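Data first, discussion second: the structure below is written as structure tokens.
The values are calculated or read from the model by the stated rules, or taken from the named source; none is laboratory data. All of these numbers come straight from a predicted model, not from anything done at the bench. No Cβ is skipped: glycine too gets one built from the backbone with ideal geometry, and neighbour counts run over all protein chains shown. Ligands, DNA and RNA are stripped out before the accessible areas are found, and what is left, the full protein with its side chains, is counted by its heavy atoms. Shrake-Rupley method; radii C 1.70, N 1.55, O 1.52, S 1.80 Å.
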Amino acid sequence: MRRRAVLAAGLALPPAVAAPARAQDFPGRAVTMVVAFPPGGQADVVARPVAAALERRWRQPVPVANRPGAAGEIGNAFVARAAPDGTTLLMALSSLAILPEAARLLGRPPAYELDQLAPIALFTADPTLLVVPAASPWRTLEEFIADARRRPGQISYSSSGNYSALHVPMAMLTTAAGLDLLHVPFQGGGPALTALLGGQVQALASGPGPVAPHLREGRLRALAGWGARRLPDWPEVPTLIERGFPEAEYYIWAGLFAPAGTPPPLREALRAAMAAVAAEPETGRALAAGGNTLDYRDGAAFEEFLRLDSARLIRAVRRIGRVE
């Protein structure tokens, strides 16, 4: 009940209405990039270098506004209902398509629908990694699974909330491998990672960006990845597909969206700006420094990616079923 009250409070205030910007002089003022999670998670570590590059290009402030809560639902809905003038954008994760379907499973109206947001550009699409503390007893995926089967309900993992981008891949694994793990949801990927590093939980599914520094420093160990292929930066880490779980394929992507009512000329101005930012070597270096690989797509390519990925994720959520 408290969660619903918080969600309602986050959506109660209508966005400020501003005169539509003209494409030829866009943006002409500050553009806010909303991240629906606390600092330190996958969306945040992608949003900040992109926002910095846009500030240099536009010569206007592009603040990153963290609006966490309800596994990303509050921030996503805020942008879905914002004035469609191009000055409120959303750096979203793959959970964008999951959350409305999850709301229906839970018997409540979705806070937003996917068609209320217009896809502008995809920046990253990385396979998720299963990570554990380096001091843990598990050195391989097989050891982790065997221990989990011996001790049902005793191995815990954190996530950024029920049905979030970090919960769904773990639910895929538990379903595929027949495991009973203890799910401990937090309000974002940053707090979920902090909980793992602090010993509050024992495992985490994460995009490579947030965990890369800790893997390199030896504080965490990666046991497997959810991708079709091994990650180039972590070639020693096997995929779940290799280990006999072909249905456990999942990518945590970060892409930019605008409110669906944004006029086509403004969408095109945004798309052109994102393409220019992605082409700057500095952007690729900044993303790589955070453990991410630039995988830029826009226009029809991003729309098709979103269509296929959303359909696959909705099927996965329906298999997972109701989670309170």
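Observations, loosely collected:
- For region 126-175, a residue qualifies if it is under 19 Å from R312 (Cα atoms), hydroxyl-bearing (S, T, Y) and open to solvent by less than 40 Å² (accessible area, probe 1.4 Å), and the qualifying residues are T128, Y163, S164, T174.
- Checked against (1) under 22 Å from R48 (Cα atoms); (2) open to solvent by 80 Å² or more (accessible area, probe 1.4 Å); (3) touching a Leu at 6+ places or on another chain (Cβ under 7 Å), R219 passes all but a single condition, namely (1).
- Given (1) of a type in the set (G, A, S); (2) open to solvent by less than 10 Å² (accessible area, probe 1.4 Å); (3) in contact with a helix residue (DSSP H, G or I) (Cβ under 8 Å, 6 or more places away or on another chain), index of the condition A47 fails: (3)
- Check on D309, among the charged types (D, E, K, R), surrounded by 17 or more Cβ atoms within 10 Å (Cβ to Cβ) and closer than 18 Å to A165 by Cα: yes
- Region 53-78: number of residues that are touching a helix residue (DSSP H, G or I) at 6+ places or on another chain (Cβ under 9 Å), part of a helix (DSSP H, G or I) and either in contact (Cβ under 8 Å) with a residue 24 or more places away in the chain or of a type in the set (D, E) (or both): 13
- Members of region 81-111 found to be hydroxyl-bearing (S, T, Y) and either closer than 26 Å to A224 by Cα or surrounded by fewer than 22 Cβ atoms within 10 Å (Cβ to Cβ) (or both), listed by number: S94, S95
- The set of residues in region 196-253 being aromatic (F, W, Y) and in a loop (DSSP other than H, G, I, E, B) consists of W226, W234, F245, Y250.
- Yes/no for L287 being closer than 22 Å to G161 by Cβ and buried (at least 20 other Cβ atoms within 10 Å of the Cβ): no
- There is at least one residue in region 248-257 that is within 18 Å of the chain's Cα centre (by Cα), crowded, with 20+ Cβ neighbours inside 10 Å and of a type in the set (V, I, T).
- Of the strands (runs of 3 or more DSSP E) lying entirely inside region 95-177, those carrying at least 3 residues that are within 15 Å of the chain's Cα centre (by Cα) are 117-127.
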